Amino acid sequence: MSELVAAACCSHAPTLTRIAQPGEGWARLREAYEQLRSAIRSASPDFVVVVSNDHFDNFFLDAFPTFAIGVAERYDVADEGVGGYWDGHFDGNQAASSALAGGLVEEGFDLTLCYGEVVLDHAMGLPVSLLGGLEFPPVVPLFVNSTWGPQPTLRRCWALGRAVRWVLDAWSGAARYAMLATGGLSHQLEGEGFGQIAEDFDRDVLGLLERPGREAITAWTPSDLRRGGDSASEVANWVVCAGVVGNDTTGEVLAYEPLTDALTGMGVLRFDVSAAPQRSTTASAGVEAPP
Amino acid sequence: MSFYYLCRALFELNDPHRRAAYRADRERFIDGLEALTDDERRILREVDLARMHERGVPIYLIRTLALVHEIGFEEVGVATSGRSRGSDVQPAGAEKA
């Protein structure tokens, strides 16, 4: 058996690196990342499942998987046209990746398996650089297509999260694991509404996810998500993490800052993982309870 | 189908070797993209971000080209929205650069 020891969601906007004169909002956000860094370090996970989306750095129009998982020993930082947003690399946990991939297939999630030269872009590099850099535990990258339509429904993302929980909790690797989802909140990076931050949307997302009963967010449609701009679809990554945590525990918003210079509503949310929901009472959204 | 190749050209700029080739001789790089239409070659030649947006090129590929040309996110926003930024940005507890 393995144990979930920490779970959190945070934004990953690369535009953070472009803020010339950080103000109070950025300072508060930085403090929240620091709190999260301490929490993850205290929890001492053997690996962290990082849920994020690829921004056309690995995947392209040839094949853009709805869900994919990295199964490598090490991951380099994506170039992203600038040589990468972080001067480091990521250690993987191949045993955990393999176990999770196999278990998720058993649960009905036919993931794309990425054994080769997978690179991790700002969606992982930026948060990880803020959360410990090279001291960050090994990662299991779980990709959700919240980049390019059609995207998975929030209900499906929640179900994936539940399945991740069942698989890893049952894994005989006897590991301590953490979850980190990155992305969002509201942002619109092109065209109509460029630069708009939708505070109401962001606070709705945070309000739903921090409270027990957070599965309610899965009723949201793509249209609901677009209230936060085209790229607010990355909230789907957070919903996977919420699914892992389940409905019964509380969460805490460590920070919310609508950083106009980063063009993004930035949030940091930490979950209480002390209550471990039983599969038989919380399975839902297409994930069947075992006989 | 040439839309695919337009996107492919931008995607390849994530490869440092392809990017170096692009920077060394843009005309030659673009001339080598035989599947593109004349309009698509013009779009690339002129770094016409607005037209790329109109064609439906994903923003993250537009971003790659913009970064190669050291064009900031705000300029991408202006180019693709057809108006200046400050006109529609919600003032929100603002970080001011």
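A few points about this structure:
- Peptide-level mean, for B:6-19, of C-beta atoms on other protein chains within 10 Å: 3
- Positive-pole candidate from A:V167, A:Q188, A:A219, dipole of the stretch A:119-246, charges at beta carbon: A:V167
- The Cα center of the stretch A:238-253 and the Cα center of the stretch A:41-108 differ in position by 21 Å.
- Helix-only [θ]222 nm of chain A, DSSP H runs n ≥ 4, -39500 (n - 2.57) each, per residue, nearest 500: -9500 deg cm²/dmol
- Ordered by the count of other Cβ atoms within 10 Å of each Cβ, fewest first, B:S81, A:S172 give A:S172, B:S81.
- Label positions at A:R176 and A:T250, each projected 7 Å from the Cα along the C-beta direction, are separated by 2.3 nm.
- Expressed to the nearest 5 percent, the antiparallel share of DSSP beta bridges inside the stretch A:1-141 is 30 percent.
- Computed across the protein assembly as shown, the Kirkwood radius stands at 21.2 Å (inverse of mean 1/r, all Cα pairs).
- Fully extending the segment from A:E31 to A:M1 would add 7.4 nm, taking 0.36 nm per residue of separation and subtracting the current Cα-Cα distance.
- Each of B:M52, A:M266 has some number of other Cβ atoms within 10 Å of its Cβ, and from fewest to most they run B:M52, A:M266.
- Inter-part distance, the stretch A:181-231 to the stretch B:30-45, computed on C-alpha centroids, equals 37 Å.
- Normalised contact order of chain A, rounded percent, pairs of Cα under 8 Å and 6 or more residues apart: 30
- For the stretch A:47-70, backbone nitrogen atoms closer than 17 Å to the point 7 Å from A:D110 Cα along Cα-to-C-beta are found at A:63-69.
- Beta bridges assigned by DSSP with both partners in the protein assembly as shown are antiparallel in approximately 45 percent of cases.
- For the stretch A:109-154 versus the stretch A:159-174, the gap between their alpha-carbon centres in whole angstrom: 18
None of the figures in this text is laboratory data; all of them are computed from the coordinates on show. Bear in mind the structure is a predicted one, so any value in this text is a computation, not a measurement. Positions of Cβ are backbone-derived with ideal geometry, glycine not excepted, and every protein chain shown enters the neighbour counts.
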